[in-house]
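Chemist: Here it is, the structure in full.
The values are calculated or read from the model by the stated rules, or taken from the named source; none is laboratory data. Keep in mind that what you see is a predicted model, and the values were worked out from it rather than measured. Quick reminder, even Gly has a Cβ in these numbers, built from the backbone with ideal geometry, and neighbours come from all protein chains shown. Please note that ligands, DNA and RNA were not included when accessible areas were found on the heavy atoms of the full protein model with its side chains. Shrake-Rupley method; radii C 1.70, N 1.55, O 1.52, S 1.80 Å.
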Amino acid sequence: MKVGIIGSGGREHAICDSLNKSDNVNKIYCFPGNAGTSQIAENIDINLDNFEEIKNFILEKKIDLVIVGPEKPLVDGLVDFLQKFEIKVFGPNKTASQLEGSKIFTKKICQKFNIPTAQFGIFNKKDDAFKFLKKSKFPIVVKADNLASGKGVYICVNKKEADIAVEEIFNGKFGKAEQILIEEFLEGEEMSFFTIHDGKIFKNFGTAQDHKRVSEGDKGKNTGGMGAYSPSRLINNDLEKKIINKIIKPTIKGLSEIGSEFRGFLYTGLMIVKNEPYLIEYNVRMGDPECQTIIPKLKTDLSKIFMSCCNGNLNEINIEWSNKKSLCIVVCSKGYPEEFKKNVEIQNINNLETDDGEFCFHAGTLKRNETIYAVGGRVLNFVSLSEDFSEARKNVINKINILNWKEGFYRKDIGYKVIK
Ligand code: AMP
Ligand code: GLY
């Protein structure tokens, strides 16, 4: 069958790589993809905001299955749009995507179904927020309601910082803001829990821990993610049951009450406090770089899993996983997450070889003639599957050293909490 993948990051390259190994898949299109996907698929340079053009291409090429990787087209309703033309598409509809698109939407579901989450207040006016902050304890968390690529969250240690956050959000730093969210700061350890849904049932799709801060020791600015490892060190049967019963199931019930359902990947971002899960946020997609970390462990044909989700028969599929540990390190352009140079050649990349259990997924890369250039902040994702995390990290760092790209940098301490 022919498959289309929407997106251009490491997540999409990992999905593309896995689908490419399937006997069922004979052609892959990536919209728009990157230099990595161009080696195994056909990249189509298309504006992801132009739904009409995407639809026309899919119909013209008779693409059998479309997978939407990133959140923006999901939140903007690409799935609903394509389904009107009877295109098979894996990803949640616009209503369900509000779980990521609006933090307030999610908080209201939490409230109604008693889902454990940080206590919160919703404010429509700056002055009410300022008044509330006068009586608050710090640290406190101030959040923009809309999609902000992970940047609309402020952890404020005092009133002055919180006031600035309120001011910036209401002044439109993350788009038009009619409401903001202020919530209790939860002290614990974060974990990402993934499930895959067919609209009726769901199955687990692994756990991971990512490192969002740019510098070693989890310091410095927030990024899209500098690396991850899977499984999370926190997961156990008891915790898994709590996450499913106290958080995920009531959320799906909440969606069904408003006439919606969930089909696609659900990424549950949690704070674990003394083996109790609290919902921090939902994402309606795989994580990046968590996806690059988890997908290499998958033993089942990914195309069959996606198809079963689109056909509503995920119950018939047994998803099998390798027991190995997986660790991913992201190589970024120097300067990221602030200003960085674009169109910088990655000299040795064409000669880089990967052994069994090793992967190099591209993110912000572009191929022009036979040369590969870095065009984004996060450039390459190196992954290794191994018997233990320490070995996996050694393998990854060894590969990054072989590449020896002078314009890049990476965190050497990914997984430090699981590696002694
Ligand atoms: P979010 O975009 O909601 O995931 O927030 C980004 C990051 O801010 C999270 O990954 C957490 O590290 C942190 N964060 C968000 N909400 C809270 C909270 N209530 N307590 C502590 N940390 C939080
Ligand atoms: N790694 C964080 C995210 O994908 O949102």
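Chemist: Looking at LYS137, is it part of a loop (DSSP other than H, G, I, E, B), among the basic types (Lys, Arg) and in contact (Cβ under 8 Å) with a residue 40 or more places away in the chain?
Modeler: No, not satisfied.
Chemist: Just to be sure, is VAL418 in contact with a Ser or Thr (Cβ under 8 Å, 6 or more places away or on another chain) and surrounded by 16 or more Cβ atoms within 10 Å (Cβ to Cβ)?
Modeler: Spelling it out, it is not the case that VAL418 is in contact with a Ser or Thr (Cβ under 8 Å, 6 or more places away or on another chain) and surrounded by 16 or more Cβ atoms within 10 Å (Cβ to Cβ).
Chemist: Which of the residues that make up region 119-150 are among the basic types (Lys, Arg), exposed (fewer than 15 other Cβ atoms within 10 Å of the Cβ) and touching a helix residue (DSSP H, G or I) at 6+ places or on another chain (Cβ under 9 Å)?
Modeler: Residues satisfying the conditions are LYS125, LYS134.
Chemist: Just give me the residues in region 63-105 being among the polar types (S, T, N, Q) and open to solvent by less than 10 Å² (accessible area, probe 1.4 Å), in sequence order.
Modeler: Once the filter is applied, which keeps residues that are among the polar types (S, T, N, Q) and open to solvent by less than 10 Å² (accessible area, probe 1.4 Å), region 63-105 yields only SER97.
Chemist: Output the qualifying pairs, or none if there are none: Cβ atoms under 8 angstrom, residues six or more apart or on different chains, first residue in region 177-200 and under 30 Å from LYS159 (Cα atoms) and free of Cβ contacts under 8 Å to residues at least 60 places away in the same chain, second residue open to solvent by less than 10 Å² (accessible area, probe 1.4 Å) and more than 15 Å from ligand 1 (Cβ to nearest atom).
Modeler: Listed by first residue and then by second, the contacts come to ILE180/ALA129; ILE180/VAL166.
Chemist: Enumerate the strands (runs of 3 or more DSSP E) found wholly within region 277-382, keeping only those where 3 or more residues are touching a helix residue (DSSP H, G or I) at 6+ places or on another chain (Cβ under 8 Å) and of a type outside the set (Lys, Arg). Don't jump to the end; show me each part of the working.
Modeler: On the way: elements: 325-333, 358-362, 365-368, 371-374.
Result: 325-333, 358-362.
Chemist: Return the residues of region 257-266 that are open to solvent by 10 Å² or more (accessible area, probe 1.4 Å) and either assigned to a loop (DSSP other than H, G, I, E, B) or within 13 Å of ligand 1 (Cβ to nearest atom) (or both); say none if nothing qualifies.
Modeler: Once the filter is applied, which keeps residues that are open to solvent by 10 Å² or more (accessible area, probe 1.4 Å) and either assigned to a loop (DSSP other than H, G, I, E, B) or within 13 Å of ligand 1 (Cβ to nearest atom) (or both), region 257-266 yields ILE258, GLY259, SER260, GLU261.
Chemist: Residue check: is ILE280 within 16 Å of ligand 2 (Cβ to nearest atom), open to solvent by 30 Å² or more (accessible area, probe 1.4 Å) and of a type in the set (A, V, I, L, M)? Quick ask: steps written out before the conclusion?
Modeler: Values: within 16 Å of ligand 2 (Cβ to nearest atom): yes; open to solvent by 30 Å² or more (accessible area, probe 1.4 Å): yes; of a type in the set (A, V, I, L, M): yes.
Answer is yes for this residue.
Chemist: Of everything in region 110-141, what is under 21 Å from LYS219 (Cβ atoms) and under 25 Å from the mean Cα position of the chain (by Cα)? Give them in sequence order.
Modeler: Narrowing region 110-141 to residues under 21 Å from LYS219 (Cβ atoms): 138-141.
If the condition is that a residue be under 21 Å from LYS219 (Cβ atoms) and under 25 Å from the mean Cα position of the chain (by Cα), then ILE140, VAL141 are the ones that fit.
Chemist: Return the only residue of ASN222, ASN236, ASN204, ASN245 being open to solvent by 30 Å² or more (accessible area, probe 1.4 Å) and under 17 Å from ILE329 (Cα atoms).
Modeler: Details: ASN236 fails: under 17 Å from ILE329 (Cα atoms); ASN204 fails: under 17 Å from ILE329 (Cα atoms); ASN245 fails: under 17 Å from ILE329 (Cα atoms).
Going through ASN222, ASN236, ASN204, ASN245 in turn, just one is open to solvent by 30 Å² or more (accessible area, probe 1.4 Å) and under 17 Å from ILE329 (Cα atoms): ASN222.
Chemist: Scan region 106-118 for residues that are part of a loop (DSSP other than H, G, I, E, B) and open to solvent by less than 70 Å² (accessible area, probe 1.4 Å) and jot them down.
Modeler: Within region 106-118, ILE115, PRO116, ALA118 meet the criteria.
Chemist: Please enumerate the residues belonging to region 322-366 that are open to solvent by less than 20 Å² (accessible area, probe 1.4 Å) and either under 16 Å from ASP288 (Cα atoms) or among the aromatic types (Phe, Trp, Tyr) (or both).
Modeler: Of everything in region 322-366, those that are open to solvent by less than 20 Å² (accessible area, probe 1.4 Å) and either under 16 Å from ASP288 (Cα atoms) or among the aromatic types (Phe, Trp, Tyr) (or both) turn out to be SER326, LEU327, CYS328, ILE329, VAL330, VAL331, CYS332, PHE361, HIS362, ALA363, GLY364, THR365.
Chemist: May I pose another question? So the check is Cβ under 7 Å with 6+ separation or different chains; which pairs have a first residue in region 370-392 that's closer than 11 Å to SER326 by Cβ and without any contact (Cβ under 8 Å) to a residue 40 or more places away in the chain and a second one that's of a type in the set (Phe, Trp, Tyr) and open to solvent by 40 Å² or more (accessible area, probe 1.4 Å)?
Modeler: none
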